[in-house]
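A short write-up of the structure that comes next.
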Amino acid sequence: MAEAKTSNKPVFVLFGFETCPGCKRLYSNALSNSDLRETFQKSFVLAYVDTDGNGEPSSYQMGDGPALSHADLLALFKGTPTPSWVFLTSKGVRLHGERGGKTQARDLMRDGEIALEKFKASAAGG
(Lines give C-alpha, C1' and ligand atoms only; values in the text may rest on other atoms or scores of the structure.)
Protein backbone atom coordinates (compact mmCIF):
# COMPACT_ATOMS: atom_id res chain seq x y z
CA MET A 1 0.00 0.00 0.00
CA ALA A 2 2.90 2.31 0.70
CA GLU A 3 4.21 1.74 -2.83
CA ALA A 4 0.76 2.49 -4.26
CA LYS A 5 0.57 5.73 -2.29
CA THR A 6 4.06 6.81 -3.39
CA SER A 7 3.49 5.93 -7.03
CA ASN A 8 -0.13 7.17 -7.07
CA LYS A 9 -1.37 3.92 -8.58
CA PRO A 10 -4.14 1.52 -7.66
CA VAL A 11 -3.26 -1.97 -6.44
CA PHE A 12 -4.13 -5.19 -8.27
CA VAL A 13 -4.38 -8.08 -5.82
CA LEU A 14 -4.62 -11.60 -7.20
CA PHE A 15 -5.83 -14.35 -4.86
CA GLY A 16 -4.91 -17.92 -5.70
CA PHE A 17 -2.84 -20.95 -4.80
CA GLU A 18 -0.30 -23.06 -6.62
CA THR A 19 -2.41 -26.13 -7.41
CA CYS A 20 -5.70 -24.31 -8.16
CA PRO A 21 -6.97 -25.48 -11.60
CA GLY A 22 -8.77 -22.18 -12.27
CA CYS A 23 -5.63 -20.25 -11.33
CA LYS A 24 -3.59 -22.32 -13.77
CA ARG A 25 -6.09 -21.50 -16.54
CA LEU A 26 -5.96 -17.81 -15.62
CA TYR A 27 -2.16 -17.84 -15.71
CA SER A 28 -1.97 -19.59 -19.08
CA ASN A 29 -4.90 -17.85 -20.81
CA ALA A 30 -4.73 -14.30 -19.46
CA LEU A 31 -1.71 -13.51 -17.32
CA SER A 32 0.67 -14.90 -19.93
CA ASN A 33 -0.56 -12.23 -22.39
CA SER A 34 2.31 -9.77 -22.92
CA ASP A 35 0.01 -6.76 -23.52
CA LEU A 36 -1.89 -7.44 -20.29
CA ARG A 37 1.30 -7.91 -18.28
CA GLU A 38 2.83 -4.71 -19.68
CA THR A 39 -0.33 -2.68 -19.01
CA PHE A 40 -0.75 -4.02 -15.47
CA GLN A 41 2.94 -3.55 -14.60
CA LYS A 42 2.75 0.07 -15.78
CA SER A 43 -0.66 0.96 -14.33
CA PHE A 44 -0.88 -0.94 -11.03
CA VAL A 45 1.09 -2.01 -8.02
CA LEU A 46 0.89 -5.81 -8.25
CA ALA A 47 0.28 -8.10 -5.27
CA TYR A 48 -0.41 -11.80 -4.85
CA VAL A 49 -2.08 -13.49 -1.89
CA ASP A 50 -1.72 -17.25 -1.51
CA THR A 51 -5.14 -18.29 -0.24
CA ASP A 52 -3.63 -21.39 1.37
CA GLY A 53 -1.50 -19.05 3.50
CA ASN A 54 1.83 -20.48 2.36
CA GLY A 55 4.53 -17.93 3.12
CA GLU A 56 1.99 -15.18 3.76
CA PRO A 57 2.56 -12.50 6.43
CA SER A 58 0.62 -12.76 9.67
CA SER A 59 -1.06 -9.42 8.94
CA TYR A 60 -1.57 -6.95 6.12
CA GLN A 61 -1.48 -3.18 6.55
CA MET A 62 -4.35 -1.67 4.58
CA GLY A 63 -3.64 2.01 4.12
CA ASP A 64 -4.05 4.02 7.30
CA GLY A 65 -6.46 1.52 8.86
CA PRO A 66 -5.82 -1.42 11.12
CA ALA A 67 -3.80 -4.41 10.02
CA LEU A 68 -5.88 -7.38 8.82
CA SER A 69 -5.24 -11.05 9.45
CA HIS A 70 -4.95 -13.39 6.46
CA ALA A 71 -8.48 -14.71 7.12
CA ASP A 72 -9.88 -11.17 7.48
CA LEU A 73 -8.25 -10.10 4.20
CA LEU A 74 -9.75 -13.07 2.34
CA ALA A 75 -13.18 -12.41 3.82
CA LEU A 76 -13.17 -8.66 3.24
CA PHE A 77 -12.16 -8.86 -0.42
CA LYS A 78 -13.84 -12.20 -1.19
CA GLY A 79 -10.53 -13.86 -2.00
CA THR A 80 -12.13 -17.27 -2.34
CA PRO A 81 -13.06 -19.17 -4.42
CA THR A 82 -9.98 -18.76 -6.51
CA PRO A 83 -8.88 -17.32 -8.75
CA SER A 84 -10.18 -13.94 -7.73
CA TRP A 85 -8.85 -10.42 -7.90
CA VAL A 86 -9.54 -7.00 -6.53
CA PHE A 87 -8.34 -3.52 -7.40
CA LEU A 88 -7.78 -1.20 -4.42
CA THR A 89 -6.73 2.34 -3.67
CA SER A 90 -3.64 2.86 -1.50
CA LYS A 91 -6.04 3.26 1.44
CA GLY A 92 -7.52 -0.20 0.84
CA VAL A 93 -10.77 1.01 -0.72
CA ARG A 94 -12.19 -1.47 -3.24
CA LEU A 95 -12.42 -0.10 -6.78
CA HIS A 96 -13.47 -3.24 -8.63
CA GLY A 97 -13.09 -6.98 -8.42
CA GLU A 98 -14.10 -10.32 -9.84
CA ARG A 99 -13.58 -13.96 -9.09
CA GLY A 100 -13.40 -17.32 -10.80
CA GLY A 101 -14.16 -18.15 -14.37
CA LYS A 102 -12.76 -15.14 -16.21
CA THR A 103 -9.72 -16.51 -17.90
CA GLN A 104 -9.32 -14.36 -21.01
CA ALA A 105 -6.88 -11.45 -21.19
CA ARG A 106 -9.50 -9.11 -22.69
CA ASP A 107 -11.81 -9.67 -19.68
CA LEU A 108 -9.07 -8.99 -17.16
CA MET A 109 -7.93 -5.97 -19.20
CA ARG A 110 -11.49 -4.59 -19.05
CA ASP A 111 -11.56 -5.10 -15.28
CA GLY A 112 -8.35 -3.08 -15.10
CA GLU A 113 -9.87 -0.31 -17.22
CA ILE A 114 -12.93 -0.15 -14.93
CA ALA A 115 -10.67 0.09 -11.88
CA LEU A 116 -8.54 2.83 -13.45
CA GLU A 117 -11.64 4.85 -14.37
CA LYS A 118 -12.89 4.62 -10.77
CA PHE A 119 -9.42 5.43 -9.42
CA LYS A 120 -9.18 8.56 -11.58
CA ALA A 121 -12.71 9.63 -10.61
CA SER A 122 -11.93 9.19 -6.90
CA ALA A 123 -8.71 11.22 -7.27
CA ALA A 124 -10.70 13.98 -9.00
CA GLY A 125 -13.24 14.00 -6.18
CA GLY A 126 -15.92 12.12 -8.16
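Before moving on, here are some points about what is shown:
- Pairs meeting the criteria (first residue in segment 2-16 and more than 17 Å from A124 (Cα to Cα) and charged (D, E, K, R), second residue at pLDDT 95 or above and part of a strand (DSSP E or B), beta carbons under 9 Å, at least 6 apart or on different chains) are E3/V11; E3/V45.
- Flag if A121 is open to solvent by 30 Å² or more (accessible area, probe 1.4 Å), of a type outside the set (F, W, Y) and more than 28 Å from N29 (Cβ to Cβ): yes
- The combined condition, being of a type in the set (A, V, I, L, M, F, W, C), at pLDDT below 90, within 13 Å of the chain's Cα centre (by Cα) and open to solvent by less than 60 Å² (accessible area, probe 1.4 Å), is not fulfilled by F87.
- Any hit, segment 100-112, residues being hydroxyl-bearing (S, T, Y) and touching a residue at least 40 places away in the same chain (Cβ under 8 Å): yes
- Counting only residues that are over 16 Å from K5 (Cα atoms), outside any helix (DSSP H, G or I) and in contact (Cβ under 8 Å) with a residue 24 or more places away in the chain, segment 57-77 holds 1 of them.
- Residues (out of contact with any helix residue (DSSP H, G or I) (no Cβ under 9 Å at 6 or more places or on another chain) and at pLDDT 95 or above) located in segment 14-46: S34, E38, Q41, K42
- Residue in segment 17-56 that is most open to solvent (accessible area, probe 1.4 Å), counting only those that are small (G, A, S) and assigned to a loop (DSSP other than H, G, I, E, B): G55
- In segment 1-16, of all residues being part of a helix (DSSP H, G or I) and open to solvent by less than 90 Å² (accessible area, probe 1.4 Å), the one that is farthest from G65 (Cα to Cα) corresponds to S7.
- Restricting attention to segment 90-118, the residues that are within 16 Å of V45 (Cα to Cα), among the aliphatic types (A, V, I, L, M) and buried (at least 19 other Cβ atoms within 10 Å of the Cβ) total 3.
- Of all residues in segment 55-84, those satisfying the criterion of being under 15 Å from G97 (Cβ atoms) and modelled with pLDDT of 85 or more are L73, L74, A75, L76, F77, K78, G79, T80, P81, T82, P83, S84.
The values are calculated or read from the model by the stated rules, or taken from the named source; none is laboratory data. The model shown is predicted, which means the values in this text are computed figures rather than measured ones. So basically every Cβ, Gly included, is an ideal-geometry build from the backbone, and we count neighbours across all protein chains shown. Just the protein is used for accessible areas: all its heavy atoms, side chains included, with ligands, DNA and RNA removed. Shrake-Rupley method; radii C 1.70, N 1.55, O 1.52, S 1.80 Å.
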